[in-house]
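Novice: Sending over a structure as structure tokens; questions will come in a sec.
The values are calculated or read from the model by the stated rules, or taken from the named source; none is laboratory data. Since we're looking at a predicted model, the values are computed, not measured. Cβ atoms come from the backbone with ideal geometry, glycine included; neighbour counts cover every protein chain shown.
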Amino acid sequence: MSISAVVEVKGWCPGVLRPMQSGDGLIARVRPWCGAFGLTQAEGLAAAAERFGNGHIDLTRRANLQIRGLGNAGLSGLQDVVERLGLVDRDPQAEAARNIMVAPLAGIDPAESFDVRPVARALERRLAADATLHDLPSKFGFLVDGGGTVSIAGERADISLRAAGSVMAVGLDTRNGTEWVGSTSPEVAAEAALAAASVFMGVSGGRGRLRDLGAKGFALLGDAVRRMLDPIVSELPIASRKSLGVLVLGAQRIGVGVAAPFGRLEADQLRRFVAMAGDAGATDIRLSPWRALYVEAGDVAAAHCLAEAARGIGLIVDPDDPILRIEACPGAPSCRSSSVDTRRDARRFAALGFEGTLHVSGCAKGCARSAPADLVLVGVQGGQKGGYDVIRNGTTRDAAERTIDAADIGALFDV
Ligand code: SF4
């Protein structure tokens with residue numbers, strides 16, 4: 001029997017209980033608990049994507065997994081599966097509020113100050129239980145980081161918690177990045193983060209994001225939050241790189257990171273990766289905001305085998321792969337707002353040797369990237385179909401310097 005669901009066809013953050021319409025059907029975003037899917041859960045999601053959707057799976061920038069191409073009957077089937085896998089929330093409001101990113105090597109990496117997963121779990125539980133916070137803006141999010149080898153502390157979240165020595169630093173998002181405003185013990189860090197979110201609700205009326213607060217609003221918020229915290233006594237370590245491939249972590253712990261080109265996995269690719277990860281000794285699969293998956297391998301040999309096998313099924317294990325410098329939204333034919341096949345074109349552009357960051361977008365909405373890129377190509381709407389508007393050092397919403405046919409893009413790269 002299908003679980004009850006509120007199905008809406010539009011919205012910023014689609015969930016399993018509240019999907020969103022796209023050009024290739026409904027999209028349902030599945031949120032892992034504490035940043036990880038067990039192998040059985042990941043295998044079940046791959047099978048469900050194939051059976052109920054069109055087999056396309058997106059890894060999102062909020063470290064979730066998105067199943068595409070669902071019809072109404074398929075949605076109901078997927079909801080049943082997600083419920084059986086223990087991944088469903090109590091209601092659509094609780095689901096929408098559960099925007100929590102967790103460092104992908106939490107509890108594995110000996111370089112972390114401590115295992116922050118209990119903090120993340122407490123945050124999940126308390127967020128679900130407090131209905132007053134379910135009115136937070138739909139993209140309002142939290143992150144929990146252990147300060148280890150693969151850190152997410154440089155990612156944007158409205159409220160950040162980061163392990164530093166024996167305490168957790170608390171950070172608030174500003175237009176210029178995270179401002180670390182104080183610290184607290186791990187035992188009460190989740191409570192402090194949610195108290196900060198409550199203060200934000202009061203200051204903002206539940207609209208916008210932290211970074212949108214004006215100077216007066218941020219000062220009010222910052223002062224209120226600081227009063228709940230202790231000062232930060234030591235300097236926070238610099239957030240580390242987004243490593244891929246075999247990661248020798250120390251104390252005989254070994255990780256493997258693999259990225260999906262443009263964040264897109266096919267169901268069969270995920271199923272095969274899950275099987276290979278299990279063979280390598282992994283027990284779960286962790287998601288990251290840069291759309292790479294991480295697992296722990298049993299030993300170095302198993303890790304190298306897994307990395308090679310992942311490369312063999314089209315995943316990226318080299319952190320210098322040029323595809324990683326390119327963001328491309330699904331484009332045509334998945335999205336009806338686009339006249340260009342963005343990802344097909346982006347693969348071709350990757351081979352042309354552009355050294356900077358490149359954003360290929362089907363339209364000016366710019367779903368794949370909000371930050372500026374060195375070169376932005378936006379599919380033309382009407383008129384020169386198959387062409388791109390060219391923007392340098394900007395976003396999709398900036399003025400284009402010219403329009404160019406996709407076949408002539410190489411001229412932009414000086415080749
Ligand atoms: S940027 Fe435009 S074309 Fe690309 S996925 Fe978003 S709405 Fe569709």
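Novice: Would you check which residues across the range 180-211 are exposed (fewer than 14 other Cβ atoms within 10 Å of the Cβ) and at pLDDT 95 or above and list them?
Specialist: Scanning the range 180-211 gives Ser185, Glu187.
Novice: Report whether or not Leu194 is of a type in the set (A, V, I, L, M), within 28 Å of Trp290 (Cα to Cα) and without any contact (Cβ under 8 Å) to a residue 60 or more places away in the chain.
Specialist: So Leu194 does not fit the description; no.
Novice: Could you identify the single residue in Ala292, Ala302 that is small (Gly, Ala, Ser), under 23 Å from the mean Cα position of the chain (by Cα) and not assigned by TED's automatic domain parsing to the domain that holds Arg29?
Specialist: Answer to the check: Ala292.
Novice: For residues that are part of a strand (DSSP E or B) and either touching a strand residue (DSSP E or B) at 6+ places or on another chain (Cβ under 7 Å) or hydroxyl-bearing (Ser, Thr, Tyr) (or both), scanning just the range 20-34, find the one that is farthest from the ligand (Cβ to nearest atom).
Specialist: Val30
Novice: Among the residues of the range 92-110, what is the count of those that are at pLDDT below 95 and surrounded by fewer than 18 Cβ atoms within 10 Å (Cβ to Cβ)?
Specialist: Number of matching residues: 0.
Novice: Return the pair list, or none, for Cβ contacts closer than 7 Å from residues in the range 207-218 that are in a helix (DSSP H, G or I) to residues that are of a type in the set (Asp, Glu), at least 6 apart or on different chains.
Specialist: Leu210/Asp158; Leu210/Asp173; Arg211/Asp173
Novice: Can we say Gly71 is without any contact (Cβ under 8 Å) to a residue 60 or more places away in the chain and more than 18 Å from the chain's Cα centre (by Cα)? Outline the logic, then answer.
Specialist: Numbers: without any contact (Cβ under 8 Å) to a residue 60 or more places away in the chain: yes; more than 18 Å from the chain's Cα centre (by Cα): yes.
When the stated conditions are applied, Gly71 passes them.
Novice: Which residue, of Ala399, Ala371, is among the aliphatic types (A, V, I, L, M), free of Cβ contacts under 8 Å to residues at least 24 places away in the same chain and loosely packed, with under 15 Cβ neighbours inside 10 Å?
Specialist: Numbers: Ala371 fails: free of Cβ contacts under 8 Å to residues at least 24 places away in the same chain.
Exactly one residue qualifies, and that residue is Ala399.
Novice: Just for the range 364-380: of the residues that are of a type outside the set (A, V, I, L, M, F, W, C) and away from the ligand (no atom under 12 Å from the Cβ), which one is nearest to Cys13 (Cα to Cα)?
Specialist: For the range 364-380, the residue satisfying everything is Pro372.
Novice: Ok, one more. Listed residues Gly331, Gly278, Gly366, Gly312; which is out of contact with any strand residue (DSSP E or B) (no Cβ under 6 Å at 6 or more places or on another chain), within 24 Å of Ile100 (Cα to Cα) and not hydrophobic (A, V, I, L, M, F, W, C)?
Specialist: Result of the check over Gly331, Gly278, Gly366, Gly312: Gly366.
Novice: Same structure, new question: Please specify each residue of the range 35-61 satisfying the condition of being buried (at least 24 other Cβ atoms within 10 Å of the Cβ) and within 16 Å of the ligand (Cβ to nearest atom).
Specialist: Ile57
Novice: Is there a residue in the range 381-390 that is surrounded by 18 or more Cβ atoms within 10 Å (Cβ to Cβ) and within 11 Å of the ligand (Cβ to nearest atom)?
Specialist: No, every residue in the range 381-390 fails to be surrounded by 18 or more Cβ atoms within 10 Å (Cβ to Cβ) and within 11 Å of the ligand (Cβ to nearest atom).
Novice: Related question: Applying the selection to the range 264-287, what residues are of a type outside the set (Lys, Arg) and closer than 19 Å to Arg61 by Cβ?
Specialist: Result: Leu265, Leu270, Ile285, Leu287.
Novice: Return the pair list, or none, for Cβ contacts closer than 8 Å from residues in the range 119-143 that are of a type in the set (Ser, Thr, Tyr) to residues that are outside any helix (DSSP H, G or I), at least 6 apart or on different chains.
Specialist: Ser138/Gly11; Ser138/Trp12; Ser138/Cys13
Novice: Follow-up. Can you tell me which of Ala169, Ala163 is closer than 16 Å to Ala120 by Cβ, in contact (Cβ under 8 Å) with a residue 40 or more places away in the chain, out of contact with any Leu (no Cβ under 7 Å at 6 or more places or on another chain) and buried (at least 21 other Cβ atoms within 10 Å of the Cβ)? Full working, then the answer.
Specialist: Values: Ala169 fails: out of contact with any Leu (no Cβ under 7 Å at 6 or more places or on another chain).
Exactly one residue qualifies, and that residue is Ala163.
Novice: Residues in the range 171-185: is at least one assigned by TED's automatic domain parsing to the domain that holds Ala122 and part of a helix (DSSP H, G or I)?
Specialist: Within the range 171-185, none of the residues are assigned by TED's automatic domain parsing to the domain that holds Ala122 and part of a helix (DSSP H, G or I).
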